[in-house]
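Comments concern the structure below.
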Amino acid sequence: MSYREIMQEIKQGVIRPIYVLYGTEQLLIREVVEAIEQAVNPGDSLNTLRFHCDETPVQVAVQEAETLPFLNDRRLVIVQNAVFFTGSKSARNDHDLDMLLRYLENPASTSTLILTVYADKLDERKKITKAAQKSGKVVPFFPLKEQELLDWILARTSRARVAITREAIARLVLTSGSSLSFLSTELNKLSLYAGENGTIDEETVDLLASRTLEQDIFVFVDEVVRLRTEQALRLMEDLIKNKQAPIYLLFMITRQVRIMLQVKIQSVRGLSSQQIAGLIGVHPYACKVAGEQAKRYTKLELETLLMELADIDYKIKTGKTEDRQALEMFLLTMPRKVKSVM
């Protein structure tokens with residue numbers, strides 16, 4: 001079950017007795033927990049209990065789940081860091097997993113028990129994992145795919161009563177990355193700037209969006225392959241001041257040109273971005289970006305650029321040229337050389 005599917009199920013009023021929510025996207029897990037809480041016990045602190053497995057034995061949470069709700073139809077018990085579903089060791093050694101197993105095999109009809117763990121996989125050999133899969137819902141949360149990420153961003157801006165252009169979304173993901181926690185902060189900032197019924201466009205993103213050093217490199221490469229030489233040179237200066245070696249920047253340009261060429265070759269075969277991403281081993285969004293960039297070039301132009309970059313790399317490593325000078329010369333001459341390739 002995907003994030004979208006479980007959220008839709010909750011909106012329809014389908015609440016399971018057991019949830020085990022795991023994965024690396026902590027923000028999505030928190031959003032699902034909040035959605036269940038709003039569906040079950042909005043504002044009811046008496047029947048909503050929270051525990052952390054590093055602080056409290058799991059049997060305490062099980063006892064609360066077995067307790068009848070007070071002046072309500074359902075009791076909600078939320079357990080964080082349930083690492084005993086994985087191969088990792090818990091910070092405590094007094095968890096009664098047999099008691100948890102018995103509850104998972106026969107959960108109370110008047111309670112919903114949510115167990116969360118920020119791990120990339122569960123140990124499906126364990127009895128408690130098998131019991132949770134049988135009586136409840138075990139849902140993974142990993143980085144969203146392209147369309148899911150787009151839907152998530154649109155939903156966030158819609159709740160803030162602002163619009164966002166497709167170009168702005170692409171620029172935001174390129175500059176800020178696909179970490180949902182970071183994107184959430186950036187979208188809040190951009191939404192406040194746009195104001196109610198306003199629009200977040202590409203210019204707004206460039207003006208306000210924060211960038212990590214890694215994302216600065218991605219933006220630099222994007223400016224290079226889009227032949228925006230002046231902007232690329234400015235970013236190059238900033239990156240070198242931040243201790244990024246010119247030869248590393250050349251490597252990143254080479255990597256992107258190679259991905260563009262691979263995408264161009266595979267797209268001729270009629271493959272989708274998702275299929276190409278799996279084939280060449282890159283993130284689907286990165287594949288889409290490379291596909292858009294590659295539209296500016298012919299296959300021959302990309303092959304020619306790769307050969308030139310390989311020659312530059314050889315000359316730097318053999319001491320025939322200085323790395324910064326080679327990078328600057330490549331950036332300055334690249335537009336002319338691309339246009340001259342037939």
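The values are calculated or read from the model by the stated rules, or taken from the named source; none is laboratory data. In this text the structure is predicted, and so the values were computed from the model without any measurement. Neighbour counts run over all protein chains shown; Cβ positions are idealised from the backbone, glycine included.
Things worth noting here:
Per-residue answers, yes or no, for (1) among the charged types (D, E, K, R); (2) in contact with a helix residue (DSSP H, G or I) (Cβ under 8 Å, 6 or more places away or on another chain); (3) in contact (Cβ under 8 Å) with a residue 12 or more places away in the chain; (4) surrounded by fewer than 17 Cβ atoms within 10 Å (Cβ to Cβ):
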{"site": "239", "(1), (2), (3), (4)": "no, yes, yes, no"}
{"site": "243", "(1), (2), (3), (4)": "yes, no, no, yes"}
{"site": "247", "(1), (2), (3), (4)": "no, yes, yes, yes"}
{"site": "260", "(1), (2), (3), (4)": "no, yes, yes, no"}
{"site": "283", "(1), (2), (3), (4)": "no, yes, yes, yes"}
{"site": "295", "(1), (2), (3), (4)": "yes, no, no, yes"}
{"site": "299", "(1), (2), (3), (4)": "yes, yes, yes, yes"}
{"site": "311", "(1), (2), (3), (4)": "yes, no, no, yes"}
{"site": "323", "(1), (2), (3), (4)": "yes, yes, yes, no"}
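- Of all the residues in segment 161-176, those that are surrounded by fewer than 18 Cβ atoms within 10 Å (Cβ to Cβ) and in a loop (DSSP other than H, G, I, E, B) number 2.
Table: residues versus (1) surrounded by 14 or more Cβ atoms within 10 Å (Cβ to Cβ); (2) modelled with pLDDT under 90.
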position: 3; (1), (2): yes, yes
position: 14; (1), (2): no, no
position: 27; (1), (2): yes, no
position: 34; (1), (2): no, no
position: 38; (1), (2): no, no
position: 41; (1), (2): yes, yes
position: 53; (1), (2): yes, no
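Results for (1) closer than 15 Å to residue 19 by Cα; (2) of a type in the set (S, T, N, Q); (3) assigned to a strand (DSSP E or B), shown as yes or no for each residue.
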residue: 43; (1), (2), (3): no, no, no
residue: 61; (1), (2), (3): yes, no, no
residue: 65; (1), (2), (3): yes, no, no
residue: 79; (1), (2), (3): yes, no, yes
residue: 91; (1), (2), (3): no, no, no
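- Verdict on residue 79 being of a type outside the set (Phe, Trp, Tyr) and assigned by TED's automatic domain parsing to the domain that holds residue 42: yes
- A single member of 97, 76, 21, 28 is touching a residue at least 12 places away in the same chain (Cβ under 8 Å) and more than 30 Å from the chain's Cα centre (by Cα), and it is 97.
A quick yes/no check of all residues on (1) among the hydroxyl-bearing types (Ser, Thr, Tyr); (2) within 14 Å of residue 139 (Cα to Cα); (3) not assigned by TED's automatic domain parsing to the domain that holds residue 154:
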position	(1), (2), (3)
28	no, yes, yes
36	no, yes, yes
46	no, no, yes
90	yes, no, yes
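- Inter-residue pairs, beta-carbon under 6 Å, first farther than 18 Å from residue 151 by Cβ and in segment 180-204, second assigned to a loop (DSSP other than H, G, I, E, B), 6+ apart: 194/162; 196/161; 198/162; 201/165
- Residue count for segment 62-97 under the criterion of being farther than 16 Å from residue 37 by Cα, among the small types (Gly, Ala, Ser) and crowded, with 18+ Cβ neighbours inside 10 Å: the result is 1.
- Condition check for residue 192: closer than 19 Å to residue 216 by Cα and of a type in the set (A, V, I, L, M, F, W, C): no
- Residues satisfying the stated conditions in segment 275-321, i.e. in contact with a Lys or Arg (Cβ under 6 Å, 6 or more places away or on another chain) and on the phi > 0 side of the Ramachandran plot: none
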